[in-house]
Amino acid sequence: MQGRVDAKLERVELGLAKARLVIREAIRNKDKRPPLTDMDYVPVGPVYRNAYAFHRSYLEMEKLFKVYVYEEGEPPVFHDGPCRSIYSSEGRFIFAMEMENRMRTRDPELAHVFFLPFSVVKMVKMIYEPNSHDMEPLRRTLSDYIDVLSTKYPYWNRSLGADHFMLSCHDWGPYVSSADGHLFSNSIRVLCNANTSEGFNPSKDVSLPEINLRTDIIADQVGGPSASHRPILAFFAGGDHGPVRPLLLQHWKGKDADVQVSEYLPRGVSYINVMRRSKFCLCPSGYEVASPRVVEAIYLECVPVVIGDDYVLPFSDVLNWPAFSVRVAVADIPNLKTILAAVSPRQYIRMQRRVRTVRRHFMVNGPPRRFDVFHMILHSIWLRRLNVRLHAQDS
């Protein structure tokens, strides 16, 4: 029996080794090869760090990658999640993964990665005692879950969690993941709160886009006018919380007609419409580093300005963020207008066009479509799995 299991693991690893070689060859020869053919979409241009290698890697993922979803655990804490809230990335992925046919396998022996389908948002709702500041019941729930899986199956212990992944958009996701040392240090943690100062490791963890979906119909939240119809240089409206926003409000609230910064918009003024009238949309960190404004800006073709330190942007191993966004350190908040005004009209038009190009990678579709946010998350997990090599246990 052990020999048969080892042979299956060796086949899984052999497939990954071949994929690594193909992707490495694509990286080396990106300037010598014409773009690959694709019925749906061909990644090209400066929005990608290496468009040819990304496309080759994506096609290898589609051909090979298999995810096993553990069936243990009862809803709503497991196999469930929020789909209409600031945490919708969490629920949407869990549901899409439950429905996935192409890249999901029911045979764990064929799996490249194993998904732990718990929702931190649902844990907080169902288990956390409000205002208690006691997160131990959440950590205990997760620790017990991993104990069940590691006792029932050989896969967690075989890799010490390195080929397993969790996904959370809740601010407490990183802390809850510390319930198990191997989960925190070895597993692929897919997190909205992708904060390097709190243990986020870009070589093994994945930055999850924070997407605030209020309805299932997002057509109204997508698209916007050209630069000539955007009279406002920069815009932000939002709560005064976290370490960054107070500084932004202190420097810019009510100070400059070009940089429109406020806590709340007047009654009757549409937040989305003001974003559509703005060239740059300011995306300061809130309580934690991620902000749903980054994706909102991309949807509305407003160039995002990411304000904050220690935040790893989503899909940044594939996407060339400086081509379509501006990054401003917290210390440079007083120089915001100078930095944005230095972007020439021609450069801005290019950046806005690239925002439009990159938008497909942040779109939430039901059911998911190729190259959309669901598949980009899977591709990020695929890249992390390629970094892991498992060896059959000695008999």
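The values are calculated or read from the model by the stated rules, or taken from the named source; none is laboratory data. As the structure is a prediction and not an experimental result, all values here were calculated from the model. No Cβ is skipped: glycine too gets one built from the backbone with ideal geometry, and neighbour counts run over all protein chains shown. These accessible areas exclude ligands, DNA and RNA; they are computed on the full protein's heavy atoms, side chains included. Shrake-Rupley method; radii C 1.70, N 1.55, O 1.52, S 1.80 Å.
A few remarks follow.
- Residue match in segment 318-339 (condition: part of a strand (DSSP E or B) and of a type in the set (Phe, Trp, Tyr)): no
- Breaking point among (1) over 25 Å from Arg369 (Cα atoms); (2) within 27 Å of the chain's Cα centre (by Cα), for Asp147: (2)
- Subset tally (residues that are closer than 14 Å to Phe315 by Cα, of a type in the set (Phe, Trp, Tyr) and out of contact with any strand residue (DSSP E or B) (no Cβ under 8 Å at 6 or more places or on another chain)) for segment 39-58: 1
- Qualifying positions in segment 163-185 - part of a helix (DSSP H, G or I) and closer than 26 Å to Glu109 by Cα: Ser177, Gly181, His182, Leu183, Phe184, Ser185
- Within segment 296-312, the set of residues being on the phi > 0 side of the Ramachandran plot and either open to solvent by less than 20 Å² (accessible area, probe 1.4 Å) or modelled with pLDDT of 95 or more (or both) comprises Glu301, Gly308.
- All of Phe315, Phe236, Phe324 fail the test of being of a type in the set (Phe, Trp, Tyr), open to solvent by less than 30 Å² (accessible area, probe 1.4 Å) and without any contact (Cβ under 8 Å) to a residue 60 or more places away in the chain, apart from Phe236.
Residues checked against (1) crowded, with 22+ Cβ neighbours inside 10 Å; (2) in contact (Cβ under 8 Å) with a residue 40 or more places away in the chain:
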position	(1), (2)
Tyr287	no, yes
Val294	yes, yes
Ala329	no, no
Ile333	no, yes
Ala342	no, no
Ile349	no, yes
Thr357	no, yes
Arg384	yes, yes
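- Test result for Val274, open to solvent by less than 60 Å² (accessible area, probe 1.4 Å) and in a helix (DSSP H, G or I): yes
- Any hit, segment 80-97, residues being free of Cβ contacts under 8 Å to residues at least 12 places away in the same chain and aliphatic (A, V, I, L, M): no
- Residue match in segment 43-50 (condition: surrounded by fewer than 16 Cβ atoms within 10 Å (Cβ to Cβ), free of Cβ contacts under 8 Å to residues at least 40 places away in the same chain, of a type outside the set (Asp, Glu) and at negative phi): yes
- Qualifying residue in segment 150-158 (condition: buried (at least 17 other Cβ atoms within 10 Å of the Cβ), among the polar types (S, T, N, Q) and more than 16 Å from the chain's Cα centre (by Cα)): yes
- Count of residues meeting criterion [among the polar types (S, T, N, Q) and at pLDDT 95 or above] in segment 337-395: 6
- Within segment 100-149, if we keep just the residues that are open to solvent by 10 Å² or more (accessible area, probe 1.4 Å) and aliphatic (A, V, I, L, M), the residue that is nearest to Tyr87 (Cα to Cα) turns out to be Val121.
- Residue in segment 245-254 that is farther than 30 Å from Arg384 by Cα, surrounded by fewer than 19 Cβ atoms within 10 Å (Cβ to Cβ) and of a type in the set (Lys, Arg) present: yes
- Taking segment 186-209 as the range and being open to solvent by less than 20 Å² (accessible area, probe 1.4 Å), out of contact with any Asp or Glu (no Cβ under 9 Å at 6 or more places or on another chain) and not in a strand (DSSP E or B) as the test, the residues that pass are Asp205, Pro209.
- Pairing each residue of segment 162-180 that is touching a residue at least 40 places away in the same chain (Cβ under 8 Å) and under 15 Å from Thr141 (Cα atoms) with any residue that is outside any helix (DSSP H, G or I) and open to solvent by 20 Å² or more (accessible area, probe 1.4 Å), provided the two are 6+ apart or on different chains, yields C-beta distances under 7 Å for Trp172/Met135; Tyr175/Met135; Val176/Met135.
- Test: Ser132 is touching a Gly at 6+ places or on another chain (Cβ under 9 Å) and without any contact (Cβ under 8 Å) to a residue 40 or more places away in the chain: no
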